[in-house]
1. From the list THR473, THR447, THR454, THR531, which one is exposed (fewer than 13 other Cβ atoms within 10 Å of the Cβ), at negative phi and at pLDDT 95 or above?
2. Counting only residues that are part of a loop (DSSP other than H, G, I, E, B) and among the acidic types (Asp, Glu), which one in segment 458-493 is nearest to the chain's Cα centre (by Cα)?
3. Hey, can you tell me all the residues within segment 277-292 that are part of a loop (DSSP other than H, G, I, E, B) and either buried (at least 22 other Cβ atoms within 10 Å of the Cβ) or not assigned by TED's automatic domain parsing to the domain that holds VAL210 (or both)?
4. So GLY161 clears everything in (1) of a type outside the set (A, V, I, L, M, F, W, C); (2) over 17 Å from the mean Cα position of the chain (by Cα); (3) buried (at least 18 other Cβ atoms within 10 Å of the Cβ) except one condition, right? Which one?
5. Right, ALA18: hydrophobic (A, V, I, L, M, F, W, C), under 29 Å from ALA247 (Cβ atoms) and either out of contact with any Leu (no Cβ under 7 Å at 6 or more places or on another chain) or outside any strand (DSSP E or B) (or both) or not?
6. Scan segment 293-343 for residues that are over 25 Å from VAL370 (Cβ atoms) and assigned to a loop (DSSP other than H, G, I, E, B) and jot them down.
7. Report, ordered by the first and then the second residue, all pairs with beta carbons closer than 6 Å, sequence separation of six or more or different chains, a first member in segment 335-357 that is at pLDDT 95 or above, and a second member that is small (Gly, Ala, Ser).
8. Pairs only if they're at least six apart or on different chains, beta carbon under 9 angstrom, first in segment 303-322 and within 11 Å of ARG466 (Cα to Cα), second of a type in the set (Phe, Trp, Tyr) and in a loop (DSSP other than H, G, I, E, B); list them, first residue then second.
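The values are calculated or read from the model by the stated rules, or taken from the named source; none is laboratory data. For clarity, every value in this text was computed on a predicted model and none was experimentally measured. Because the Cβ atoms are built from the backbone with ideal geometry, glycine has one as well, and the counts that use them run over all protein chains shown.
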Amino acid sequence: MSYGFSQVPTPINDPIRAYLPGSEERASIKTELERQASASVEVPMYIGGARVTTGDLHDIVMPHDHQHVLGRWHAGTADHARQAVEAAEAAKDDWANLPWEDRAAIFLKAAHLLKHTHRDRFNAATMLNQSKVLFQAEIDAACELVDFWNFNVHYMARIYGEQPPVSPEGQWNRLEHRPLDGFVFAVSPFNFTSIAANIPTAPALMGNTVVWKPAPTAMLGAYYIMELLEEAGLPKGVINMVAGPPAEIGDAVLNDPRLAGIHFTGSTATFEHLWQQVATRLPSYRSYPRLVGETGGKDFVFAHPSADPTTVATALARGAFEYQGQKCSAASRAYIPRSMWPTVRAQLEEHLKTIKVGDVRDFQNLMGAVIDARAYAKHVEAIGQAKGMIGDAIEEVLGGGHDDSKGWFVQPTVIVANDAQAPTMTTELFGPILTVHPYEDADFEATLELCDKTGPYALTGCIMARDRGAVATAVERLRFSAGNFYVNDKPTGAVVGQQPFGGSRKSGTNDKAGAILNLLRWVSPRTIKETFEPPTTVPYPYMSEP
Ligand code: NAD
């Protein structure tokens with residue numbers, strides 16, 4: 001029995017829980033946080049359904065309390081990567097031939113389990129291992145991931161329903177939306193549990209088998225994702241999770257001629273490296289691998305003189321500092337009219353004083369720690385450099401405190417740049433550091449041009465203005481400056497099904513995660529024409545006379 005594709009209803013977004021004082025949900029997440037903080041998990045690799053351990057153990061720590069070990073993960077080698085490829089290939093035919101409803105049901109069930117029984121587990125793991133405060137964990141590890149799985153099933157059905165509109169009398173034309181002819185290499189970043197899960201599951205949903213390499217700093221979430229997928233009924237070998245030295249694992253996987261695609265989210269440098277590796281090996285591949293990558297950003301807030309200064313200051317604080325600026329969409333540069341800057345500056349300074357940074361288990365903190373010692377060192381260096389440039393390219397630095405004695409804490413920081421091309425206006429830092437360039441009010445259009453031409457990225461950005469003409473001008477002039485553009489809103493917080501996410505230029509291939517456009521990259525359609533009464537003569541009727 002098979003159901004019509006149109007019978008998959010449009011999902012609704014998973015509502016965000018409030019966790020208000022005194023609520024049951026608040027008590028429940030606190031219990032789970034305590035449980036995970038006092039437990040010690042051992043995270044294996046998952047190859048062909050087997051849990052593979054190597055004894056090469058690496059700590060899973062809390063960034064806000066880096067001596068606190070939450071567990072350990074087993075690192076593998078190139079051999080494990082090759083085994084994972086073989087396991088993916090072995091599982092491929094059965095998975096691709098499974099009716100689409102059965103594949104769909106696994107991910108719908110995963111969404112259901114996450115929403116109801118695994119929510120606290122996912123949120124607590126994301127809070128403790130990635131240092132997200134409760135609200136940030138809830139919108140990522142719970143809501144966005146539930147949405148990814150539910151909406152992707154809906155989009156899958158729409159893709160399968162897409163058929164040639166014309167089949168003349170005596171013919172039937174069909175499109176078979178096959179999976180790719182090989183396996184997919186899925187590589188995910190540390191900063192979103194939902195992205196970590198979507199990276200391997202989007203290709204898998206479309207009938208592909210996958211080798212998944214999660215980020216070493218987000219292994220607790222990766223572990224719970226694999227355990228949940230198994231509980232939801234994902235067959236062995238469909239998603240094979242390998243961990244270990246990234247270049248060694250990556251090299252072994254890319255060496256295989258059956259590589260059919262890469263689903264990547266992470267930095268521009270890593271994606272370019274992978275792309276170059278694929279390019280060098282191109283003649284050896286069976287097909288042209290699909291390369292899908294969502295990468296870095298230098299996302300902007302652009303205020304017009306007509307904007308409301310309070311809205312601008314709020315958008316800057318929320319957009320730049322939530323999750324310590326470690327969202328690919330985080331506001332990290334801003335263009336503010338000179339006339340408005342003193343008001344916005346005063347409000348921002350107030351926000352810097354009141355924003356609390358600390359352990360994510362204290363619900364009063366708006367920010368936790370940055371992900372690891374390397375990120376901390378990078379942010380501290382950038383702040384130091386900016387301070388050294390005061391009086392020249394830099395006007396002043398607000399905030400800028402840091403302390404790594406217990407956790408990798410970087411205080412929210414605002415760098416005011418006279419020079420619109422100062423290093424922190426152009427380089428992605430991926431931390432709670434915002435650079436503001438105050439511009440002359442009369443130079444609105446020239447500054448839009450400058451914004452468009454600054455840096456290599458084009459991920460997110462926003463225009464804040466009450467003047468409709470200014471909004472229209474900015475929408476037009478910044479057409480290629482961001483793949484996700486906002487009007488009078490901060491440039492973060494895209495919601496699945498509402499604002500498909502992705503950028504262009506050096507921000508990625510813009511294949512819009514959580515949208516039909518992304519899933520289309522994981523199918524390789526076959527056209528089937530069937531003729532009911534094939535011709536029996538070679539000459540055409542008009543040839544019967546000269
Ligand atoms: P990263 O590039 O350091 O790592 C991403 C993944 O690539 C990790 O799993 C890492 O281990 C792996 N990797 C690194 N070198 C590899 C190699 N040679 N072969 C195979 N795998 C390799 O990025 P990150 O620090 O985890 O994440 C932060 C970056 O991700 C930022 O630049 C951010 O803008 C970007 N990001 C973008 C989006 C988006 O949608 N555009 C979303 C989230 C994060």
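1. Among THR473, THR447, THR454, THR531, only THR531 is exposed (fewer than 13 other Cβ atoms within 10 Å of the Cβ), at negative phi and at pLDDT 95 or above.
2. The extreme case among them is ASP489.
3. PRO289, the sole residue that qualifies.
4. Every listed condition holds for GLY161 apart from (3).
5. no
6. Hits for segment 293-343 are HIS304, PRO305, SER306, ALA307, ASP308, ARG338, SER339, MET340.
7. As it stands, the answer is ILE336/ALA303; VAL344/ALA313; GLN347/ALA313; LEU348/ALA313; HIS351/ALA317; LEU352/GLY399, since those pairs meet every condition given.
8. Within 9 Å, no pair qualifies.
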